[in-house]
Amino acid sequence: MILIQIFLIVGFLVLLVWLITNPSSYQMRALTKIFAILFFIIAIITVIFPDTTNDIAHWFGVARGADLLLYILTMAFIFGMFSSYIQEKRLQKRIVILARKIAIIETDQRNIDKSK
Amino acid sequence: MVKVCVIVPCYNEEQVVKKVLQDIKAHFKEVICVDDGSSDNSGNEIIKSGATLIEHPINLGAGAAIQTGIDYALQDPDVKLFITIDADGQHNIKDAVAMVEYLQRHNLDIVFGSRFIGNVESIHPIKKMFLKIAALFSTTTTGVKLTDPHIGLRVFNRKFAENLKLSLPDFTHASEVIHRIKEGDYKYDEVPVTVTYSDYSKAKGQPMINAINITVDLLINRITKK
């Protein structure tokens, strides 16, 4: 198996396991920041030395630098989708709690008004 | 007689909700109707019926509405039994009376209605087949043997209500109830009931494609929960 296949499979598995174990929003935000910083560093390097992507790709066993970029992009995209899905579910739960509280307070208030 | 509280989740049922609630009130004094952010006139109809209105400021889903009703009812320590029933009039409240009696006689934690050991009027054959497959799926995955686990008509005691804590807001809540039974090893049974699908409730029923959402949401919830 060439290096890139191992790299991709391990990458996907690690991501999946980590996402399933329900990371905290701190971890999620920290990882997003690490990704962002890495992205900028790599982006600047590849702009200055365009051929480095090819060299790195060859090292991983990928034919072209553009292909390697596509693989990394795919992984980043899946990570982004999953993390926003988890964030959305978390947000939804908080909204439910909040709305429920409002509803119950309103009803209690109505009961007080009625008994006056 | 013990204090019973009926919880009715309601979403856009202005045409029928008042009559449904009045029928319930004829048998049970405590009726809580949770208006789940309806955009129609359901809220006023609920107030007119004399039931207690709890109004979600936004639409949250049937499961969330039931949980809100339970939270509210639990504030009264005298309430010993809880009934959930749909607001569209597909259930008969007399069945709930029989279920309460059954629960007390057999000392159970929760009693479900079942349209499949009871009667079901003018159900679409595809929907019937679909519900039976869903029941089979539920029984094989949880081991909780019920012929109609997705019915809206249930009676349960305070212990079960306190531990229910529905976290899935939408129609997935029916499966969540079943999981709670399994987790807490509660005593359950089912009683034959009549479900009538009027043209009104048929037009309002959830689309069957929603089963895909329910299944996926349940799986994700079970995996991500610690």
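No value in this document is a laboratory result; all are computed from the given coordinates. Note that the structure is predicted; figures quoted are calculated from it, not measured. Positions of Cβ are backbone-derived with ideal geometry, glycine not excepted, and every protein chain shown enters the neighbour counts.
Project the alpha carbons of chain A onto their principal axes and report the range along each, largest first, in whole Å.
On the principal axes, chain A reaches 80, 32, 19 Å in Cα extent.
GNM, chain A, Cα, under 10 Å: largest mean-square fluctuation among A:Ile45, A:Ile56, A:Ile95?
Maximum fluctuation in the GNM of chain A, among the listed residues, is at A:Ile95.
Output wanted: per-residue J couplings in Hz (rounded whole) for region B:9-18, from phi through Karplus 6.51 cos²θ - 1.76 cosθ + 1.60, θ = phi - 60°, x for Gly and Pro.
Coupling constants for region B:9-18: x, 9, 9, 6, 10, 4, 5, 10, 4, 5 Hz.
Counting just the Cα atoms, what span does the protein assembly as shown cover along each of its three principal axes? Round to the nearest Å and put the largest first.
Over the protein assembly as shown, Cα extents along the principal axes are 81, 48, 37 Å.
So what is the calculated 222 nm ellipticity per residue for chain A, using -39500 (n - 2.57) for each DSSP H run with n of 4 or more, over all residues, to the nearest 500 deg cm²/dmol? Before the final figure, lay out each step's value.
Values: 4 runs with 102 residues, N = 116.
When only DSSP H runs of four or more count, the value is -31000 deg cm²/dmol.
Once you've got the GNM for chain B with C-alpha springs shorter than 10 Å, pick whichever of B:Lys165, B:Lys25, B:Lys127 has the biggest mean-square fluctuation.
B:Lys127
What FRET efficiency comes out for the pair B:Arg105/A:Ile45, r = Cβ-Cβ distance, R0 = 56 Å, nearest 0.05? Please report the intermediate quantities before stating the final value.
Working: r = 77 Å, r/R0 = 1.37.
Efficiency for this residue pair is about 0.15.
Output the DSSP H helices from chain A with an along-axis C-alpha extent of no less than 18 Å and a mean Kyte-Doolittle hydropathy no less than -0.5. If you can, show how the numbers build up before the last one.
Values: long enough: A:3-20 (26 Å, 3.01); A:25-48 (35 Å, 1.82); A:65-115 (75 Å, 0.29).
Sorted by number, the helices that extend far enough and score high enough are A:3-20, A:25-48, A:65-115.
Quick one: dipole size for the protein assembly as shown, taken about the Cα centre, charges +1 on Lys/Arg Cβ and -1 on Asp/Glu Cβ, in debye to the nearest 20. Let's see the in-between values first.
Details: 38 positive and 35 negative charges, 116 e Å.
Dipole magnitude for the protein assembly as shown comes out near 560 debye.
Could you list, in their original order, any pairs among A:Lys101/B:Lys132; B:Lys18/B:Lys127; B:Lys3/B:Lys132; A:Lys93/B:Lys187; A:Lys114/B:Lys187 whose Cα atoms are separated by more than 32 Å? Display every interim value, and only then the final one.
On the way: A:Lys101/B:Lys132 37 Å; B:Lys18/B:Lys127 27 Å; B:Lys3/B:Lys132 34 Å; A:Lys93/B:Lys187 29 Å; A:Lys114/B:Lys187 40 Å.
Table pairs above 32 Å Cα-Cα are A:Lys101/B:Lys132; B:Lys3/B:Lys132; A:Lys114/B:Lys187.
Name the shape class, rounded, prolate or oblate, that the alpha-carbon gyration tensor gives for chain B, where a ≥ b ≥ c are the square roots of its eigenvalues, rounded holds for a/c under 1.5, and otherwise prolate holds if a/b is larger than b/c and oblate otherwise. The partial results should precede the final answer.
Details: a/c = 1.26, a/b = 1.13, b/c = 1.11.
The shape class here is rounded.
Springs between alpha-carbon atoms under 10 Å, Gaussian network over chain B: tell me which of B:Ser198, B:Ser138, B:Ser114 tops the mean-square fluctuations.
B:Ser198
Specify whether the C-alpha gyration tensor of region B:93-182 places it in the rounded, prolate or oblate class, a ≥ b ≥ c being the square roots of the eigenvalues: rounded for a/c under 1.5, otherwise prolate if a/b is larger than b/c and oblate if not. Numbers along the way, then the final one.
Numbers: a/c = 1.79, a/b = 1.19, b/c = 1.51.
Oblate shape, in that a/c is at least 1.5 and b/c is the bigger or equal ratio.
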